[in-house]
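The block underneath contains the structure these notes are about, expressed in structure tokens.
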Amino acid sequence: MRIKRRDLMSVGISTAALAACGKFANAPSNTSSATPVAANTDASSTKLRLGFQPPYVAVYALREQKLLEKAFAGKSINFEFRRLLSLKPVTEALSAGAIDLGLGGTPIAAIAAGQPIRVIALVERSPKTHALLVLPNSPIKKIADLKGKKLGNPTGKSYYFAMRVLERVGLKDTDVEWVQIENDAGRSALLSGAIDVWGTWDPFYASAEVAKEVVPLVDGEGYHLNYVALFGRIDYIENNSETVQKFLQAYKQAVTWAKDNRQPAVDILVKENKLSPEAAGLTLGRRNLIFEPPNDEYRQELINQSQLLARLGLIKQQPNWDKAIDPTLANIAAS
């Protein structure tokens, strides 16, 4: 059996940034690619490329526990893992055919725009991992104080959590100045005064918090369910259903391992993300790892989010969630 892994770190928001290469610790240096990989649509394909964000410990557990080797015993398959900073680079990579599956928040805007993406499983429900952060000496003490301030985050006013926070106290999207800034630059922007509030999530949130550089004005509890989903290109899922099903079964085992082995899971986050043990422990502690088929609560949350995005004029139409969500493979894996 041949399993090959690549971990390409994007430092921007365009798919061109996929050319910037990093590797899993045990991957040989000559496995990096100088250009994005072409679309993988062959029905006989033996390749699965996953784009994910740094805090998802189960992805690393797949490797550490050799769960993919076990799931695909006797088969030759090429796996590639690509670390990306936020949801937008993940959806851009899917659109470009550079990855086959994505892991993160649901790409509502991309689905609403007609991008052929299907949601197949839920792997987290972690509202407390998101926060609006301010400096410890900031004059911003309550949510109402955000009026007229610069709010930086990776997705601008399409950041559902931030919009829910504002609307809860009667503020509109026009009451703040939105600054679109990636997670790797948000911390320095807040510390330098370029923005007044930083909307982000773990491990970026935890790293700044344990360094005592920031305090949370509010976290996602009560505002944002923060379901993390596995999704992918429809053509790939339909043409490679057996491969995707086996991958889901392995991912489910990785979730179970991470939940049952907290300290080794923390150690993985420390190693793979260059976090302090304190930040890694805080990150994992705020994450509610699950493996479930998409459920009714999740579907209603998507409806609520898409209604808000439509009201703000950020999407032209609401997605057809009956077509965009298919729990079939997750149901098989979960059983």
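Take Leu68 and decide whether it is aliphatic (A, V, I, L, M), farther than 23 Å from Gln245 by Cβ, modelled with pLDDT under 95 and open to solvent by less than 20 Å² (accessible area, probe 1.4 Å).
No.
Restricted to segment 71-105, and to residues there that are of a type in the set (Ser, Thr, Tyr) and outside any loop (DSSP other than H, G, I, E, B), the residue that is nearest to Gly51 (Cα to Cα) is Thr91. Counting just the residues of segment 283-295 that are surrounded by fewer than 22 Cβ atoms within 10 Å (Cβ to Cβ) and under 18 Å from the mean Cα position of the chain (by Cα), which one comes out farthest from Gly220 (Cα to Cα)? Of everything passing the filter in segment 283-295, Pro293 is farthest from Gly220 (Cα to Cα). Being in a loop (DSSP other than H, G, I, E, B) and among the β-branched types (Val, Ile, Thr) is the filter; apply it to segment 137-157 and report the residue that is surrounded by the fewest Cβ atoms within 10 Å (Cβ to Cβ). Looking at residues that are in a loop (DSSP other than H, G, I, E, B) and among the β-branched types (Val, Ile, Thr), I get Ile140. Within segment 219-264, the residues that satisfy the criterion of being touching a helix residue (DSSP H, G or I) at 6+ places or on another chain (Cβ under 6 Å), of a type outside the set (A, V, I, L, M, F, W, C), assigned to a loop (DSSP other than H, G, I, E, B) and surrounded by 17 or more Cβ atoms within 10 Å (Cβ to Cβ) are Gly220, Tyr223, His224, Asn226.
When the residues of segment 296-324 are filtered to those that are under 27 Å from Ala58 (Cα atoms) and touching a Phe, Trp or Tyr at 6+ places or on another chain (Cβ under 9 Å), the one that is surrounded by the fewest Cβ atoms within 10 Å (Cβ to Cβ) is Glu297. Annotation for segment 114-129: no member residue is touching a residue at least 12 places away in the same chain (Cβ under 8 Å), open to solvent by 20 Å² or more (accessible area, probe 1.4 Å), farther than 15 Å from Thr174 by Cα and over 20 Å from the mean Cα position of the chain (by Cα). Going residue by residue through segment 202-210, is there one that turns out to be among the β-branched types (Val, Ile, Thr) and touching a strand residue (DSSP E or B) at 6+ places or on another chain (Cβ under 8 Å)? Looking through segment 202-210, none of the residues is among the β-branched types (Val, Ile, Thr) and touching a strand residue (DSSP E or B) at 6+ places or on another chain (Cβ under 8 Å). For segment 278-301, the criterion of a residue being without any contact (Cβ under 8 Å) to a residue 60 or more places away in the chain, over 16 Å from Val119 (Cβ atoms) and in contact with a helix residue (DSSP H, G or I) (Cβ under 9 Å, 6 or more places away or on another chain) is satisfied by at least one position.
The values are calculated or read from the model by the stated rules, or taken from the named source; none is laboratory data. Every value quoted in this text rests on a predicted model; they were computed, and no experiment measured them. With ideal geometry, Cβ positions are generated from the backbone for all residues, glycine too; neighbour counts draw on all protein chains shown. Only protein heavy atoms, including side chains, enter the accessible area calculation; ligands, DNA and RNA are left aside. Shrake-Rupley method; radii C 1.70, N 1.55, O 1.52, S 1.80 Å.
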